[in-house]
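Values quoted throughout were computed directly from the atomic coordinates according to the rules given, and no laboratory measurement underlies them. What you are looking at is a predicted structure, and each value in this text was computed from that prediction instead of being measured. In this analysis, Cβ positions are derived from the backbone assuming ideal geometry, glycine residues included, and neighbour counts consider all displayed protein chains.
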Amino acid sequence: MESIARKLSPFALKPFPDFMSEILKEVLHANSSYASAFGDKGKLALPPARRFAILTCMDARLDPAKFAGLAEGDAHVIRNAGGRASEDAIRSLIISYKLLGTAEWFVIHHTDCGMELFNGKIISDLLEHSLETAKLTANGWEDVGQGPGSSAGRKIDWLEFADAGAAVVDDVLAIRSHPLVPARIPIYGFVYNVATGLLEEVPVPA
Ligand code: ZN
């Protein structure tokens, strides 16, 4: 259906609509500057040159390229809410070593993580009420949106945690004990301090 519509409309192939959000404009502007100074990065190899991978949280305050000194082509960075060793994160790590040669891995959680501010019941209740953004108030999370919501959130394991250091240990051990992860790969655990920018090592029992 879409391809027919494209053929019929001379406007269908325009890359962007006339209305563009400010964010969309800013991102495209930034990208055009970036590409204009791209240099020889187009020649980078696919496997990460420095042969390591980082699993970390999606938190906007964390910039692994900056806090760990990465340039394009250096390392794999796998991110999700909390930096958890979810099935999908482990899938990525396995591809990372098996096909792309990484040999050392870092699991990096951080202080003040949003994953400490809710649990599976809280987010599922909020989602069941509405699909608007909830508010964090003095009395906890409050859903301020108009319904309907959905109960589908109850089927998701949200992987929340109460203590970043303990969650790092759990995640390193979960990766370590996976049958497709070889013992030769060192897995380092860290908590990134959002107040100082420092990585603080978390000792993980062997
Ligand atoms: Zn976080």
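For the chain, state the average projected area of the convex hull of the C-alpha atoms over all orientations, rounded to one decimal in nm².
Details: hull surface 67.5 nm².
Computed as one quarter of the Cα hull surface, the answer is 16.9 nm².
Just to verify a number: FRET efficiency for I156 and K66, C-beta to C-beta distance, R0 = 25 Å, to 0.05?
Numbers: r = 31 Å, r/R0 = 1.25.
Here the calculated transfer efficiency is 0.20.
With a ≥ b ≥ c the root eigenvalues of the C-alpha gyration tensor of region 71-112, is it rounded (a/c under 1.5), prolate (a/b larger than b/c) or oblate? Mind dumping the intermediate values first?
Working: a/c = 2.30, a/b = 1.40, b/c = 1.64.
Because a/c hits 1.5 or more and a/b fails to exceed b/c, region 71-112 counts as oblate.
Under a crude label model (7 Å from the Cα following the beta-carbon direction), how far is N119 from L28 in nanometres?
4.6 nm
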